[in-house]
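S.K.: Below you'll find the structure I mean.
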Amino acid sequence: MSFSDLGICPAILEAIEVLGFDTPSPIQERAIPPALQGADIVGISHTGSGKTLSFAIPALESIDPEVAGVQVLCLAPTRELAVQICREVEKLAIFMDGVSSVPIYGGASFGPQIAALRRGAQFVVGTPGRVIDLMEQGELNTENISMLILDEADEMLDMGFQEDIDRVVAMLPEKRQTLFFSATMSPVIRRLIDSLAQDPLEIAIERPVLTVPTCEQAVYEVLFSSRIEVLSRLIEMGRMKRGLVFANTKRVVDDIVDGLLARGYSVDRLHGDMPQTLRERVMESFRKGNINVLVATDIAARGLDIDDVDIVVNFELPRDPEDYVHRIGRTARAGRKGKAVTFIGRRDFSLLARIERFVGQKMPREKVMTAERVQQARRESLVDEILDAAAQMPEFPDELRDLELPQEKLLAAMFNLLISKQSRELQTIPEDRPSRPARREAAEKSPREQRPDFPAPEECTTLFMNAGSRLRIRPKDVAGLLYNEGGAPRGSVGDIRIFPKHTLIEVSTEVAPMLLEHLQVCMLCGYEVNLREDKGRGDHRENSYRPREREDRREPRGRHGAPGRSYRGREREAVPFHERFSSPRHRRR
């Protein structure tokens, strides 16, 4: 079937021919004819299947060039997608006189977008937030809108645009055609369809297999500043005997190569600024095994034909899901097994979800390998190398025959020497710290679990100290005072609870009298404090810390010299009102 069989007008057919499209894709073949007849469409198809033409062609045919004003509104989740759709629409409308389109999105100036709307753009592609802003300002008139298009609806819902979509729909005419396209179908999307479309025609295109099952995929959440170290640990653990690392720009490629070379690894680069002869030389070295790791951009990596790559690392996520499929297709070829590792940051979750929908697979998250795991892998790898070398029956060196050392000590010394020479010092990264749940679990442990020799609750005495957090008192300051100045035995101090103006301390009943005698009046963090036995909550309020009153403070005076509230601790003179602003300074004003 050709596009001419779908009932498309000659002007658009001519543009399609110029663009070089020969045959329609499955979603285009099934969605365009009913959409041209005015039916509501629900298209479930993966990204990259040709959905843009599926709704752009019927939308352009529904536009009346004689009417200046918005007639088609298309909602997209991101400004990048909105701009991309608008470009495709402009290409299809190149032979349609009087038809124009405009992308509107946040993060850009209102001026050019408003100017395009005032000139009478009929096809508007925008993100929900900016569309609402222009509608509420009265710049986007909805009276002539006859078609609503939602592209990548599942991604819009994932990004939290449900309420914005509802607000946009509420401002549109009830009589309209709705074209709805999504990569997945879920109960939330089903409810959205039911609220927007009337008896829609559902078209579902089966997703092709985009990744091979022998390619194991994993995701590491890593700070950008930590990624070279994590990449180095992958190499250290023997997971990159021959690996490809992909980055989005040549600058990042150079940074990765420089960082790995500084660590002593065999690595080279491949990007578009390199001469062709140099690129071929690098590729030949990589094929022969002279280079273990090759770092490249997507442009330079097009057409790579290397069968024995055991791992692909996405140092950065590609913006196009098809590029992700192309990248990981460099491994697990010809029936071999392979692995694809992807580094992501906190801002990459939406893009990762889009790629997962595109490939139809959820990528498992893995924890970054710790320094201990790397050290253990190094040792295990060295043992394997020693066993491989021993299988070749090497001769015992003459230099070692006269040594009077037990074999165990000799082997241990040689093993440790090899480990120290082959290993580099690992760099500490934030990912080495315990996870937040682990830190919370450690913090929630009771003091008695941390100090098993502390006495039972009935053997405790609570002491009261008239100093708290307002004086920047910390638990370690209080514990140091009790142990060092008070002479408390080890393990005799329990809970230390610091409040704004006082502190409660649980100590062993046996040592409480000694502490009260030695520390009744003492210095802590530069302040004079008192320590005594706790007598209850009411007593806390009365005896909490108060700064000592100045002995020379005068009696507070209020307005006109009358006794009352003080003004910054100083006596205030009564000054007649007309004299307050009669000074030369005020007169100059």
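S.K.: Kindly report the accessible area of the range 320-414 per residue (heavy atoms of protein chains, probe 1.4 Å, no ligands, DNA or RNA), in Å².
M.R.: Per residue, the range 320-414 has an accessible area of 66 Å².
S.K.: Are any of the pairs 241/421; 51/337; 476/501; 337/362 more than 24 Å apart by Cα-Cα distance, and if so, which?
M.R.: With Cα atoms farther than 24 Å apart: 51/337.
S.K.: Cross-link partners among aspartates and glutamates for residue 367, C-alpha distance below 18 Å, same-chain residues fewer than 8 apart left out?
M.R.: In chain and number order, the partners are 216, 221, 229, 236, 316, 348, 431, 432.
S.K.: Sticking with this one: Leaving out ligands, DNA and RNA but keeping every protein chain, what accessible area does residue 476 have, in Å² rounded to the nearest 10, with a 1.4 Å probe?
M.R.: The value for residue 476 is about 130 Å².
S.K.: May I ask you to rank 78, 509, 503 by accessible area, largest first, using a 1.4 Å probe over the protein chains only?
M.R.: Per-residue accessible area, sorted high to low, gives 509, 78, 503.
S.K.: I would also like to ask the following. For the range 105-170, would you read off the P(r) tail past 13 Å as a percentage of all alpha carbon pairs?
M.R.: Cα-Cα pairs of the range 105-170 separated by over 13 Å account for 66 percent.
S.K.: Something else about it: Return the carbon/sulfur percentage of the accessible area of the range 349-392, one whole number, probe 1.4 Å, all protein chains in place.
M.R.: After summing per-atom areas, the C and S share lands at 54 percent.
S.K.: Along the range 523-535, what does the Karplus equation 6.51 cos²θ - 1.76 cosθ + 1.60 (θ = phi - 60°) give for ³J(HN,Hα), rounded to whole Hz, x for Gly and Pro?
M.R.: Rounded to whole hertz, the list is 10, 9, 6, x, 10, 7, 10, 10, 10, 7, 6, 5, 10.
S.K.: Something else about it: Give me the distance between the Cα centres of the range 327-385 and the range 56-82, rounded to whole Å.
M.R.: Spelled out, the Cα-based centre of one part sits 41 Å from the other.
S.K.: Over the alpha carbons of the range 12-112, what is the largest minus smallest coordinate on each principal axis, giving the biggest first in Å?
M.R.: Here the spans come out as 39, 32, 28 Å, largest first.
S.K.: Under a 1.4 angstrom probe, counting protein chains only, how are 237, 369 ranked by accessible area, largest first?
M.R.: Per-residue accessible area, sorted high to low, gives 237, 369.
S.K.: Given a 1.4 Å probe and heavy atoms of the protein chains only, how would you sort 425, 229, 431, largest accessible area at the top?
M.R.: Order by accessible area, largest first: 425, 431, 229.
S.K.: Under 1.5 on a/c is rounded, so check that first for the range 212-356, then, if it is not, pick prolate when a/b is larger than b/c and oblate when it is not; a ≥ b ≥ c are the square roots of the alpha carbon gyration tensor eigenvalues.
M.R.: Here the range 212-356 falls in the rounded category.
S.K.: Let me ask another. Tell me, what % of the accessible area of the range 84-227 is carbon and sulfur with a 1.4 angstrom probe?
M.R.: About 49 percent, which is the carbon plus sulfur part of the accessible surface.
S.K.: Using θ = phi - 60° and the Karplus form 6.51 cos²θ - 1.76 cosθ + 1.60, what ³J(HN,Hα) does each residue of the range 87-101 get, whole Hz, x for Gly and Pro?
M.R.: 5, 5, 5, 4, 5, 6, 9, 4, 9, 9, 5, x, 10, 9, 9
S.K.: Mind checking the range 128-176 for GluC sites (Glu not before Pro) that DSSP puts in a loop (not H, G, I, E or B) and that have at most 12 other Cβ atoms within 10 Å?
M.R.: 143, 174
S.K.: Work out how much length residue 320 to residue 514 would gain on full extension: take 0.36 nm times their residue separation and subtract the Cα-Cα distance, in nm to one decimal.
M.R.: The span from residue 320 to residue 514 would gain 62.6 nm if fully extended.
S.K.: For a quick check of your reading of the filter: which GluC sites (Glu not before Pro) in the range 1-98 sit in a DSSP loop and have no more than 11 other Cβ atoms within 10 Å?
M.R.: Filter output for the range 1-98: 66.
S.K.: Something else now. State the dimensionless ratio Rg/Rh of the range 107-263 (Rg: radius of gyration of Cα atoms; Rh: Kirkwood radius).
M.R.: Ratio of gyration radius to Kirkwood radius: 1.14.
S.K.: Could you tell me the accessible area of residue 531 in Å² (1.4 Å probe, neighbours in place), rounded to the nearest ten?
M.R.: Residue 531 has an accessible surface of roughly 10 Å² with all protein chains in place.
S.K.: Okay, moving on. What's the center-to-center distance, using Cα atoms, between the range 177-238 and the range 95-116 in Å?
M.R.: 30 Å
S.K.: Once amide H atoms are placed 1.01 Å from N in the peptide plane, what residues at a sequence separation of 5 or more from residue 495, or on another chain, have their amide H within under 5 Å of its amide H?
M.R.: Hits under the 5 Å cutoff: 506.
S.K.: Turning to a different aspect of this structure: What are the GluC sites (Glu not before Pro) within the range 379-409 that DSSP puts in a loop, where the Cβ has at most 11 other Cβ atoms within 10 Å?
M.R.: Hits after loop and neighbour filter: 395, 404.
S.K.: Using only the Cα atoms of the range 465-515, construct the convex hull and provide its projected area averaged over every direction, in square nanometres to one decimal.
M.R.: Mean shadow area of the hull around the Cα atoms is 3.2 nm².
The values are calculated or read from the model by the stated rules, or taken from the named source; none is laboratory data. Since this is a predicted model, take the numbers as computed values, not measurements. FYI the Cβ positions are ideal-geometry reconstructions off the backbone, even for glycines, and counts take in every protein chain you see. Surface areas here come from the heavy atoms of the whole protein model, side chains and all, with no ligands, DNA or RNA. Shrake-Rupley method; radii C 1.70, N 1.55, O 1.52, S 1.80 Å.
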